[in-house]
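The values are calculated or read from the model by the stated rules, or taken from the named source; none is laboratory data. None of these values were measured; they are calculated from a predicted model. Reconstructed Cβ throughout: ideal geometry from the backbone, glycine too, with neighbour counts over all protein chains shown.
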Amino acid sequence: MRISSLGLLGAAVMLGSCVAVGALAQADPAQPPARRQGRGGRGGFGLGARFGQLTLVNVPADVLATELKLTDEQKTAIAAVRTKMRTDMQAAFQPSADGTRPDRQAMTAKMTEINDKTTKDIDAILKDDQKAQSVALVKNLQSLVTLRVPLQTYSDLKLTADQKTKLAAAAAEVAKDRTAKQAEVAAARQAGDQAKAQELQRAMFGNGQPDDKALAILTADQKEIVTKYIKDNPQRGRRPGGRRPGANAAPQT
């Protein structure tokens, strides 16, 4: 089975939901990774592991390069690490000689192993000051993931320290509410009420649009940046309830 870089994000998305690990959002630093929620870099928000845990592996390449001021040598090295990750994930998805495909538990373990190694390899490429900056960067981007704000807009938004604090607080509220709704979705599905389950999913994910709590924190100019990005990069293949066909797939280079 062939896995694209977006397929990577998807794989990592599966990983994110299973073990709180993310996928790539646009893998190569040379070209500005999410399950395909549209498709991370073109036609999507690059949300990473569908509201899961973000890591250095998921951070869009252009954002990583801009925010950490990566050198050309570092960009090339990180691109190579992410290329190897895609190759390793591709191999992990291949069926065995007898045609048997890996089971979910084995796949999750393998994805975790690959993700952890990639994170360490990327971290090893960074200088000490960049490593410190990357911790804050991932934290700020995680807030955007939760609030459904396209990660690729981060550098252009030029968020203030106060806005970052407010977005983190808003993200915590949304995450808490989403956890409660997930339990309701599970109960509705168990009861066979798919209509209610889809309605709850729409409330949880807003069909991919930014959360109102995030928009209330952004300035008019910042909202315009987000609106323009979404307009220029429409999400594709979405189903009602904020889900799309092949929902567990990864980022694009």
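Pairing residues of the stretch 116-128 that are closer than 14 Å to Lys69 by Cβ with residues that are modelled with pLDDT of 95 or more and not aliphatic (A, V, I, L, M), at Cβ distances under 6 Å and at least 6 apart in sequence or on separate chains, gives Ile125/Gln74.
Got at least one residue in the stretch 235-248 being among the aliphatic types (A, V, I, L, M), at pLDDT below 95, under 30 Å from Ala188 (Cα atoms) and in a loop (DSSP other than H, G, I, E, B)? Yes, because at least one residue in the stretch 235-248 is among the aliphatic types (A, V, I, L, M), at pLDDT below 95, under 30 Å from Ala188 (Cα atoms) and in a loop (DSSP other than H, G, I, E, B).
As for the stretch 136-153, it holds at least one residue that is of a type in the set (Val, Ile, Thr), modelled with pLDDT of 95 or more and touching a helix residue (DSSP H, G or I) at 6+ places or on another chain (Cβ under 6 Å).
Find the helices (runs of 4 or more DSSP H) located wholly in the stretch 118-211 whose residues include 2 or more that are under 24 Å from Ala80 (Cβ atoms) and β-branched (Val, Ile, Thr), and list them.
Values: elements: 128-146, 154-157, 161-190, 194-205.
Hits in the stretch 118-211: 128-146.
Exactly one residue out of Thr118, Thr55, Thr146, Thr76 is surrounded by fewer than 22 Cβ atoms within 10 Å (Cβ to Cβ) and of a type in the set (Ser, Thr, Tyr), and it is Thr76. Of the residues examined, Leu151 is not one that is within 25 Å of Asn233 (Cα to Cα), surrounded by 15 or more Cβ atoms within 10 Å (Cβ to Cβ) and more than 16 Å from the chain's Cα centre (by Cα). Against the conditions (1) part of a helix (DSSP H, G or I); (2) at positive phi, Glu113 satisfies every one except (2).
Checking each residue in the stretch 205-234 for being modelled with pLDDT of 70 or more and of a type in the set (S, T, N, Q) picks out Gln209, Thr219, Gln222, Thr227, Asn233.
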